[in-house]
Amino acid sequence: MKYVCEMLGINYPIIQGGMGNISNAQLTIAVSEAGGLGTIGCGTMTPIEVENIILETKKQTNKNFAVNIAISVSSYTNELINLVIKHNVPIISLSAGNPVPYIAKLHEHGITVIALVASVKHALKAQEAGADILVAEGFEAAGINSSLELTTFTLVPQIVNSVKIPVVAAGGIGDGKGLAAALMLGASGVQIGTRLIATKEAPFHDVYKQNLVDASDTETIIVGRTVGRLRRLLKTTYSKKLIELEKSGITLEQFGEMTSEKQHIKGAIEGDMDNGFINSGQIAGLIHHIPSVKELLDSMMDEANKQINQAGNELDTLIKKAVK
């Protein structure tokens, strides 16, 4: 945990997940200012759009932040890599694709590379290529998901046992108990996304935030199984429509159009739940209020500390009783 914080130049081992085309400077700044690592997610945005967010972020904070590039999603991966170098962004995270071709170039410019992985095989390849930190993302996570469907609780310890570089846990984490659990599994920190949507600084539609607050433990749904493009969404009129269309035989092209960033923006930014979708991880059932980002991160650290100490005391008591 301490090592990850030192590597990334942050106070708390909490990283913001990339949020694609709804990514913005406001939330990125809030996370970094609160002690975590704010992240600008590029999604399918053009280099000009991403550059504007980078410049706005740099203008309003001197804290470290990262840029996330979803390799197979973006049409501008090489241009975005050059943009990160141009603006001296200290950290980059690479997801949804093979990070290997880009790591050496990034290291030449002193950039710390985080690689998102969903299996031990991918983790070992990323480590061999020189990744500095791995994010092991379980199937509980929001948005585009791995077809391997490994859960965070099983994935993280297997990757931790297989690599020598720090591992950050992602998927189904949004409070101090989740942070504590991740650390006990051997992770050095956590990456969170859905929980940050429901914060005061997040410039998303109130309907999106309220849907998260109101969500129960079974309110997320996986779409895209029939076309091999898994994505976890919150249950809404639109996501239920997607499921029905899959049952009747939707094509990959049709599915792509219905889950495009345009439809994501309609749901997340415009609050149109009939014509757009909203991503959500399974953590939604644990979201009950809308704090500031600082309040959230401070409370996560405090709760994790209390949880670990309490568990340690209880375990110590049980061991003493057992040896009597």
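The values are calculated or read from the model by the stated rules, or taken from the named source; none is laboratory data. What you see is a predicted model; the values in this text were computed from it and never measured. Glycine also receives a Cβ, built like all others from the backbone with ideal geometry; neighbour counts cover every protein chain displayed.
One table, with the values for the structure above:
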| read-out | value |
| --- | --- |
| Pairs where the first residue, in the range 1-17, is over 20 Å from residue 41 (Cβ atoms) and without any contact (Cβ under 8 Å) to a residue 60 or more places away in the chain and the second is crowded, with 21+ Cβ neighbours inside 10 Å and not hydroxyl-bearing (Ser, Thr, Tyr), C-beta under 8 Å, 6+ apart | 11/36 |
| Check on residue 199, within 23 Å of residue 24 (Cβ to Cβ), over 14 Å from the mean Cα position of the chain (by Cα) and outside any helix (DSSP H, G or I) | yes |
| So residue 256, is it at pLDDT below 95, within 25 Å of the chain's Cα centre (by Cα), within 26 Å of residue 149 (Cα to Cα) and of a type outside the set (Asp, Glu) | yes |
| Residue within the range 27-43 that is in contact with a Ser or Thr (Cβ under 9 Å, 6 or more places away or on another chain), more than 19 Å from residue 297 (Cα to Cα), of a type outside the set (Asp, Glu) and assigned to a loop (DSSP other than H, G, I, E, B) present | yes |
| Residue in the range 292-313 that is outside any helix (DSSP H, G or I) and either in contact with a helix residue (DSSP H, G or I) (Cβ under 9 Å, 6 or more places away or on another chain) or of a type in the set (Asp, Glu) (or both) present | yes |
| Unmet criterion (only one of (1) polar (S, T, N, Q); (2) modelled with pLDDT of 95 or more; (3) farther than 22 Å from residue 191 by Cα) for residue 317 | (2) |
| Tally of residues being surrounded by fewer than 16 Cβ atoms within 10 Å (Cβ to Cβ) and either modelled with pLDDT of 95 or more or assigned to a loop (DSSP other than H, G, I, E, B) (or both) across the range 91-103 | 1 |
| Residue that is farthest from residue 299 (Cα to Cα) [pool: residues in the range 216-238 that are under 19 Å from the mean Cα position of the chain (by Cα) and buried (at least 21 other Cβ atoms within 10 Å of the Cβ)] | 223 |
| Pick from the range 40-67, criterion among the polar types (S, T, N, Q) and closer than 21 Å to residue 261 by Cβ, ranking: nearest to the chain's Cα centre (by Cα) | 44 |
| Of all residues making up the range 21-57, the number that are farther than 18 Å from residue 78 by Cβ and among the hydrophobic types (A, V, I, L, M, F, W, C) | 10 |
